[in-house]
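Read through the structure below, which is laid out as structure tokens, and then see the notes.
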Amino acid sequence: MPRHPLRGVAAITGLGMTPMGRVFGKSETELAADAVRLAIADAGLQKLQVDGLLVNAGISNGIGLGLQNYLGMKNLRLMNHMNGAGSTAAQMVQYATMAIAAGMATHVVCVFADAPLRAGTSAGAAYGGAAGSQSRPRGMGGLYPASGYFGTNTPYALAARRHMALYGTTQEQLGIIAVGQRAWATKNPLAQMRDPITLANYHASRWIVEPLHLLDCCLVSNGAVAVIVSPAAIARDMPNPPVYVWGMGQGHPGDSRRAGTTWETETGGAIAAKTAFAMAGVGPADVTVCELYDCYTYTVLVTLEDYGFCRKGEGGPFVEDGKLGPGGSLPTNTGGGELSGYYMWGMTPLSEAIIQGRGAGADRQVKNDLILCTGNGGSLSYHAALVLSPHRSEA
Amino acid sequence: MTQDTPAKPIPEPDEQSQPFFDAAMRGELLLMKCGGCGAFRLPARQHCDECLSSEFTWEAAAGTGTVRSFGIMHQRYHPGFVADIPYNVTIVELDEGPQLPTNIVGVGNEEIRVGMRVRLEWERHSDVAIPKFRPV
């Protein structure tokens, strides 16, 4: 098979991360500016060398096109405010790669910032969804709040329940994912949750929406992350080891909300996987480390199935031996992920993929020859994938 | 009900959904059926998401279906539901195809199963009725 023309044309050359978590006192714009400054310095660039800016606001919707002027970016040849929910970070790297291949830009900074947490309020309040519910919601859409169907936890709980019913997936298997990721987080100084947990802790954690315990659900974080994408031809001369983009794909199957929909158990990951693996010229057996979007434990399980690491329905038995955790055969979410590390939407898996790709993972560094990085958003609605490697794709 | 119980959100019909809620008050389940391809539209809306036709008729549905999936809510999202916690949040797939958000009534949460056969019953309020489902 001929080599895909875009395989290895671009690399991630800069990474900037602000403090993340219960970080107060800075607006989303200020957090974004901090992350961009750090990423530019990390890439060894001057600000005006950056000629592409892609912006992704989180749930607090605090940044947009106005970020350009706050940053004083005067040389932009590429710019957009992008929104594919949790798939956006991977998508930004994809569009940056395509723009670089097309000669439309050289150094593209992709930035995400979010600040939903306010001092003195809970994570649940930040993402609740009920606060905006009127006493008389209009139309048939009002049947959701009328049924007490609120928030993002609910659709994921229903999806996990359906997987359990169809395939026999167990609570224990979801718990093993949570425990494994926490074990990774204990090795990550950036992680918000660094105390180890046991399966007993998992089962004892309070229910949010059954079958999801608190420890099935991601954190909520304030903070910002920026990455810079550059042409592969010059990436090797930049200060940090380049992380090359080998493969890219997306999948957005939608939900018809009637018979035949399979959004709960078959995600856009299956479509993205085909495109991204084909572009990279690899398959799941070649992947040495996974950084998978993990808004919930279940998201990890269903993503592994959709990428062909195991067959549909076998995600539970697949993860049961702890292979995703430290020392396992398929290291996954090696920084603790969104469950235990930090919740920067798709920048969580992407930032850890870059750290691993650079070989900068210290105590948690794993074999990094081929990194799968995924993004998922909505209710398993939007999906994007990157296949990354520290090796420049052979010509 | 005590005066201290906060109200739950109750839908207010809009132009598109008025026939659905009018029928609901009569105890009938009406679904918008596409005049272009026959697919049911839920929620009620102008365009069919299969063929994009704007043609439709309102058709009576059987009011029977199966539990597509469900969760048991423990989180406090809305004050009107706090007294009900833990309560079930369920998606029922009607035999005609569309899926409705609802609650299963008449059985304990621990008895609900994916695939369970259920029948509609209306929960009547002053000007609208809301579909709930009870195991057959």
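The values are calculated or read from the model by the stated rules, or taken from the named source; none is laboratory data. Predicted model only: the values in this text are computed from it and were never measured. Positions of Cβ are generated from backbone atoms using ideal geometry, with glycine treated the same way; all protein chains shown enter the neighbour counts.
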Determine, yes or no, whether A:T303 is crowded, with 24+ Cβ neighbours inside 10 Å and closer than 13 Å to A:T169 by Cα. no
Show the residue pairs meeting these rules: Cβ distance below 7 Å; 6+ apart or different chains; first residue within the range A:47-65 and within 14 Å of A:Q94 (Cα to Cα); second residue in a helix (DSSP H, G or I) and polar (S, T, N, Q). A:L53/A:Q68; A:N56/A:T88
Are there any pairs with C-beta distances below 8 angstrom linking a residue in the range B:68-89 that is at the interface with chain A (Cβ under 7 Å from one of its Cβ atoms) and under 23 Å from B:V118 (Cβ atoms) to a residue that is basic (K, R) and surrounded by fewer than 17 Cβ atoms within 10 Å (Cβ to Cβ), with the two at least 6 apart or on different chains, and if so which? B:H74/A:R206
Just to be sure, is A:R7 under 27 Å from A:G247 (Cα atoms), in contact with a helix residue (DSSP H, G or I) (Cβ under 8 Å, 6 or more places away or on another chain) and not in a strand (DSSP E or B)? yes
Considering the range A:268-296, residues that are over 19 Å from A:L6 (Cβ atoms) and more than 15 Å from the chain's Cα centre (by Cα), and then whichever is surrounded by the fewest Cβ atoms within 10 Å (Cβ to Cβ), we arrive at A:A285
Among the residues of the range A:30-40, which ones are surrounded by 18 or more Cβ atoms within 10 Å (Cβ to Cβ) and over 16 Å from A:A119 (Cβ atoms)? A:A32, A:A33, A:D34, A:A35, A:V36, A:L38, A:A39, A:I40
Could you tell me whether any residue of the range B:22-41 is at the interface with another protein chain (Cβ under 9 Å from one of its Cβ atoms), farther than 19 Å from B:D95 by Cα, in contact (Cβ under 8 Å) with a residue 12 or more places away in the chain and not acidic (D, E)? no
Since B:A24 meets every condition but one in (1) hydrophobic (A, V, I, L, M, F, W, C); (2) assigned to a strand (DSSP E or B); (3) crowded, with 20+ Cβ neighbours inside 10 Å, which condition does it not meet? (2)
Okay, strands (runs of 3 or more DSSP E) sitting entirely in the range B:84-136 with 2 or more residues that are surrounded by fewer than 18 Cβ atoms within 10 Å (Cβ to Cβ) and under 13 Å from the mean Cα position of the chain (by Cα), I get B:117-124
Please report, ordered by residue number, the helices (runs of 4 or more DSSP H) entirely within the range A:83-170 with at least 2 residues that are more than 9 Å from chain B (Cβ to nearest Cβ), touching a residue at least 12 places away in the same chain (Cβ under 8 Å) and touching a strand residue (DSSP E or B) at 6+ places or on another chain (Cβ under 6 Å). A:88-101
Going by the conditions given, is A:S329 at pLDDT 95 or above and assigned to a strand (DSSP E or B)? no
Any residue in the range A:189-198 that is surrounded by fewer than 24 Cβ atoms within 10 Å (Cβ to Cβ), polar (S, T, N, Q) and either under 29 Å from A:G151 (Cβ atoms) or within 14 Å of another protein chain (Cβ to nearest Cβ) (or both)? yes
The range A:41-62, residues that are more than 15 Å from A:I234 (Cβ to Cβ) and crowded, with 19+ Cβ neighbours inside 10 Å: A:D42, A:L53, A:L54, A:V55, A:N56, A:A57, A:G58, A:G62
For the range B:99-114, indicate whether the set of residues that are under 18 Å from B:A23 (Cα atoms) and either assigned by TED's automatic domain parsing to the domain that holds B:C48 or in contact (Cβ under 8 Å) with a residue 60 or more places away in the chain (or both) is non-empty. no
Of B:I112, B:I10, B:I104, the only residue that is of a type in the set (V, I, T) and either more than 23 Å from A:E264 (Cβ to Cβ) or at the interface with chain A (Cβ under 9 Å from one of its Cβ atoms) (or both) is B:I10
